[in-house]
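Reviewing the structure listed below.
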Amino acid sequence: DNRSWNCGAEGDTDDPEILNLRFRMIRNACAVLMCSRGTPMFLAGDEFGNSQYGNNNPYCQDNEISWLDWNLLEKNRVLFEFFKFMIQYRHKHPVIRKMLPNAVCGLEPMLTHGVNAKEQYIPNDAKTLAISFAGYNPDTRMDDLVYVAVNSHWEDVQITVPELDCHLAWFLSVNTWGDGNGRYCYPEGEEVRID
(Lines give C-alpha, C1' and ligand atoms only; values in the text may rest on other atoms or scores of the structure.)
Protein backbone atom coordinates (compact mmCIF):
# COMPACT_ATOMS: atom_id res chain seq x y z
CA ASP A 1 0.00 0.00 0.00
CA ASN A 2 1.61 3.25 -1.12
CA ARG A 3 0.34 6.30 0.76
CA SER A 4 2.83 8.86 -0.48
CA TRP A 5 1.84 12.24 -1.86
CA ASN A 6 2.95 13.29 -5.35
CA CYS A 7 2.88 17.04 -4.54
CA GLY A 8 0.28 17.73 -7.23
CA ALA A 9 1.59 15.92 -10.31
CA GLU A 10 1.84 12.22 -11.03
CA GLY A 11 5.27 11.06 -12.23
CA ASP A 12 7.97 13.27 -13.74
CA THR A 13 7.30 16.99 -14.04
CA ASP A 14 9.09 20.20 -15.01
CA ASP A 15 6.91 22.37 -12.73
CA PRO A 16 9.42 24.24 -10.50
CA GLU A 17 6.98 24.61 -7.58
CA ILE A 18 6.24 20.88 -7.49
CA LEU A 19 9.93 20.01 -7.86
CA ASN A 20 10.87 22.40 -5.03
CA LEU A 21 8.22 20.85 -2.80
CA ARG A 22 9.35 17.31 -3.62
CA PHE A 23 12.99 18.13 -2.85
CA ARG A 24 11.98 19.88 0.38
CA MET A 25 10.13 16.72 1.42
CA ILE A 26 13.27 14.67 0.68
CA ARG A 27 15.35 17.08 2.79
CA ASN A 28 12.74 16.85 5.58
CA ALA A 29 12.91 13.06 5.58
CA CYS A 30 16.71 13.10 5.56
CA ALA A 31 16.91 15.62 8.42
CA VAL A 32 14.44 13.69 10.59
CA LEU A 33 16.22 10.41 9.87
CA MET A 34 19.67 11.79 10.67
CA CYS A 35 18.42 13.45 13.87
CA SER A 36 16.81 10.24 15.18
CA ARG A 37 18.15 7.71 17.63
CA GLY A 38 19.10 4.32 16.26
CA THR A 39 20.69 3.33 12.99
CA PRO A 40 19.64 5.56 10.08
CA MET A 41 18.75 3.60 6.98
CA PHE A 42 18.07 5.02 3.57
CA LEU A 43 18.01 3.44 0.13
CA ALA A 44 20.93 3.77 -2.29
CA GLY A 45 20.17 6.73 -4.52
CA ASP A 46 18.00 8.61 -2.01
CA GLU A 47 20.93 10.99 -1.57
CA PHE A 48 20.61 12.21 -5.16
CA GLY A 49 16.86 11.87 -5.72
CA ASN A 50 16.58 8.43 -7.33
CA SER A 51 12.82 7.86 -7.11
CA GLN A 52 12.43 4.43 -8.73
CA TYR A 53 9.59 6.15 -10.60
CA GLY A 54 7.45 5.93 -7.48
CA ASN A 55 7.78 2.16 -7.20
CA ASN A 56 8.54 1.31 -3.57
CA ASN A 57 8.85 -2.42 -4.24
CA PRO A 58 11.00 -2.89 -7.38
CA TYR A 59 12.93 -5.97 -6.23
CA CYS A 60 11.79 -8.01 -9.25
CA GLN A 61 12.39 -5.23 -11.79
CA ASP A 62 15.61 -5.58 -13.78
CA ASN A 63 15.23 -2.35 -15.73
CA GLU A 64 15.51 1.44 -15.31
CA ILE A 65 13.02 1.33 -12.42
CA SER A 66 15.47 -0.41 -10.09
CA TRP A 67 18.77 0.70 -11.67
CA LEU A 68 20.55 3.70 -10.17
CA ASP A 69 20.62 6.66 -12.54
CA TRP A 70 24.05 8.12 -11.74
CA ASN A 71 23.31 11.15 -13.96
CA LEU A 72 21.08 12.36 -11.12
CA LEU A 73 24.17 12.81 -8.94
CA GLU A 74 25.26 15.85 -10.94
CA LYS A 75 21.74 17.03 -11.71
CA ASN A 76 20.80 16.99 -8.00
CA ARG A 77 24.19 17.93 -6.53
CA VAL A 78 22.60 20.32 -3.99
CA LEU A 79 20.53 17.45 -2.56
CA PHE A 80 23.61 15.23 -2.40
CA GLU A 81 25.51 17.97 -0.51
CA PHE A 82 22.58 18.26 1.91
CA PHE A 83 22.77 14.53 2.68
CA LYS A 84 26.53 14.82 3.22
CA PHE A 85 26.01 17.75 5.59
CA MET A 86 23.38 15.86 7.60
CA ILE A 87 25.65 12.81 7.94
CA GLN A 88 28.46 15.08 9.17
CA TYR A 89 26.05 16.87 11.51
CA ARG A 90 24.97 13.55 13.03
CA HIS A 91 28.60 12.52 13.49
CA LYS A 92 29.49 15.87 15.08
CA HIS A 93 26.66 15.65 17.64
CA PRO A 94 26.89 12.34 19.52
CA VAL A 95 23.93 13.36 21.70
CA ILE A 96 21.70 12.55 18.72
CA ARG A 97 23.05 9.00 18.52
CA LYS A 98 23.32 8.04 22.18
CA MET A 99 22.72 9.08 25.75
CA LEU A 100 25.53 11.18 27.20
CA PRO A 101 26.18 12.25 30.80
CA ASN A 102 23.83 15.02 31.97
CA ALA A 103 24.41 18.43 30.43
CA VAL A 104 25.96 21.09 32.64
CA CYS A 105 23.38 23.63 31.44
CA GLY A 106 20.60 21.69 33.19
CA LEU A 107 18.52 20.84 30.12
CA GLU A 108 16.84 17.43 30.32
CA PRO A 109 18.57 14.66 28.31
CA MET A 110 15.61 14.32 25.93
CA LEU A 111 12.36 16.25 25.77
CA THR A 112 9.53 16.08 23.25
CA HIS A 113 6.99 18.84 22.84
CA GLY A 114 4.82 20.67 20.36
CA VAL A 115 5.08 24.35 19.47
CA ASN A 116 5.82 25.42 23.04
CA ALA A 117 8.92 23.97 24.69
CA LYS A 118 7.46 24.69 28.13
CA GLU A 119 4.57 22.28 27.58
CA GLN A 120 5.06 18.53 27.40
CA TYR A 121 1.51 17.98 26.11
CA ILE A 122 1.27 17.22 22.38
CA PRO A 123 -2.30 17.00 21.00
CA ASN A 124 -3.16 13.97 18.85
CA ASP A 125 -3.81 16.19 15.83
CA ALA A 126 -0.56 18.16 16.20
CA LYS A 127 1.22 18.97 12.98
CA THR A 128 4.38 20.13 14.73
CA LEU A 129 6.74 18.04 16.80
CA ALA A 130 9.93 19.16 18.48
CA ILE A 131 12.58 17.28 20.39
CA SER A 132 15.63 18.45 22.26
CA PHE A 133 18.68 16.36 23.07
CA ALA A 134 21.16 17.45 25.73
CA GLY A 135 24.24 15.86 27.19
CA TYR A 136 27.81 16.51 28.22
CA ASN A 137 30.32 15.42 25.57
CA PRO A 138 33.48 14.23 27.37
CA ASP A 139 35.49 14.43 24.13
CA THR A 140 34.91 18.17 23.67
CA ARG A 141 34.31 18.87 27.39
CA MET A 142 31.25 20.86 26.42
CA ASP A 143 27.52 20.38 26.43
CA ASP A 144 26.13 18.92 23.22
CA LEU A 145 22.68 20.41 22.60
CA VAL A 146 20.46 19.75 19.60
CA TYR A 147 16.90 20.98 19.04
CA VAL A 148 14.85 19.59 16.16
CA ALA A 149 11.49 21.04 15.13
CA VAL A 150 9.37 19.41 12.43
CA ASN A 151 6.35 21.12 10.88
CA SER A 152 4.34 18.71 8.73
CA HIS A 153 1.69 21.34 7.95
CA TRP A 154 1.67 23.51 4.83
CA GLU A 155 1.20 26.65 6.96
CA ASP A 156 3.95 28.34 8.96
CA VAL A 157 4.00 27.84 12.71
CA GLN A 158 5.61 29.83 15.48
CA ILE A 159 7.60 27.73 17.95
CA THR A 160 9.13 28.44 21.33
CA VAL A 161 12.53 26.84 21.85
CA PRO A 162 13.72 25.63 25.27
CA GLU A 163 15.36 28.26 27.46
CA LEU A 164 19.05 27.76 28.07
CA ASP A 165 21.06 28.67 31.14
CA CYS A 166 24.81 29.15 31.41
CA HIS A 167 24.85 31.99 28.84
CA LEU A 168 24.17 29.59 25.95
CA ALA A 169 22.08 30.38 22.89
CA TRP A 170 20.45 28.40 20.08
CA PHE A 171 21.54 28.96 16.49
CA LEU A 172 20.19 27.63 13.22
CA SER A 173 22.23 24.82 11.66
CA VAL A 174 19.78 23.33 9.17
CA ASN A 175 16.68 24.69 7.48
CA THR A 176 15.05 22.34 5.00
CA TRP A 177 12.96 25.19 3.63
CA GLY A 178 16.12 26.96 2.46
CA ASP A 179 16.89 30.65 2.36
CA GLY A 180 15.77 31.22 -1.22
CA ASN A 181 19.36 31.00 -2.48
CA GLY A 182 19.61 27.22 -2.39
CA ARG A 183 21.20 27.24 1.08
CA TYR A 184 19.97 24.76 3.65
CA CYS A 185 22.99 24.34 5.91
CA TYR A 186 24.70 26.98 7.99
CA PRO A 187 28.13 26.91 9.64
CA GLU A 188 28.24 27.36 13.40
CA GLY A 189 28.28 30.98 14.47
CA GLU A 190 26.84 32.38 11.24
CA GLU A 191 23.89 34.68 11.81
CA VAL A 192 20.79 33.69 9.86
CA ARG A 193 17.69 35.77 9.29
CA ILE A 194 14.45 33.82 9.60
CA ASP A 195 11.30 35.32 8.05
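The values are calculated or read from the model by the stated rules, or taken from the named source; none is laboratory data. All values reported here derive from a predicted model rather than from experimental measurement. A quick note on method: Cβ atoms are made from the backbone with ideal geometry, for glycine too, and the neighbour counts reach across all protein chains shown.
Only one of Arg22, Arg27, Arg37 is out of contact with any His (no Cβ under 6 Å at 6 or more places or on another chain), closer than 23 Å to Ser132 by Cα and either part of a helix (DSSP H, G or I) or assigned by TED's automatic domain parsing to the domain that holds Met142 (or both); which? Outline the logic, then answer.
On the way: Arg22 fails: closer than 23 Å to Ser132 by Cα; Arg37 fails: either part of a helix (DSSP H, G or I) or assigned by TED's automatic domain parsing to the domain that holds Met142 (or both).
Of Arg22, Arg27, Arg37, the one residue that is out of contact with any His (no Cβ under 6 Å at 6 or more places or on another chain), closer than 23 Å to Ser132 by Cα and either part of a helix (DSSP H, G or I) or assigned by TED's automatic domain parsing to the domain that holds Met142 (or both) is Arg27.
Could you pull out the residue among Ala44, Ala117 that is at pLDDT below 90 and in contact with a Leu (Cβ under 9 Å, 6 or more places away or on another chain)? Before you say what the answer is, go through the steps one by one.
On the way: Ala44 fails: at pLDDT below 90.
One residue alone meets the criteria, Ala117.
Residue-by-condition table, conditions (1) outside the structural domain of Asp143 (by TED's automatic domain parsing); (2) surrounded by fewer than 14 Cβ atoms within 10 Å (Cβ to Cβ):
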| residue | (1), (2) |
| --- | --- |
| Asp69 | yes, no |
| Leu72 | yes, no |
| Glu81 | yes, no |
| Phe85 | yes, no |
| Val104 | no, no |
| Leu111 | no, no |
| Gly114 | no, no |
| Gln120 | no, yes |
| Pro123 | no, yes |
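Listed residues Arg97, Arg90; which is within 16 Å of Arg27 (Cα to Cα) and at pLDDT 85 or above?
On the way: Arg97 fails: within 16 Å of Arg27 (Cα to Cα).
Going through Arg97, Arg90 in turn, just one is within 16 Å of Arg27 (Cα to Cα) and at pLDDT 85 or above: Arg90.
Report yes if some residue within region 159-171 is within 21 Å of Gln88 (Cβ to Cβ) and at pLDDT 85 or above; otherwise report no.
No; the residues of region 159-171 include none that is within 21 Å of Gln88 (Cβ to Cβ) and at pLDDT 85 or above.
State all residues of region 91-112 that are touching a Leu at 6+ places or on another chain (Cβ under 9 Å), in contact (Cβ under 8 Å) with a residue 40 or more places away in the chain and outside any loop (DSSP other than H, G, I, E, B); if no residue qualifies, say none.
Pro94, Val95
Is it the case that some residue within region 141-153 is more than 26 Å from Thr39 (Cα to Cα) and modelled with pLDDT under 95?
Filtering region 141-153 for residues more than 26 Å from Thr39 (Cα to Cα) gives 153.
Those still in the list that are modelled with pLDDT under 95 too: 153.
Yes - at least one qualifying residue is present in region 141-153.
Can you name every residue in region 149-173 that is free of Cβ contacts under 8 Å to residues at least 40 places away in the same chain and among the charged types (D, E, K, R)?
Of everything in region 149-173, those that are free of Cβ contacts under 8 Å to residues at least 40 places away in the same chain and among the charged types (D, E, K, R) turn out to be Glu155, Asp156.
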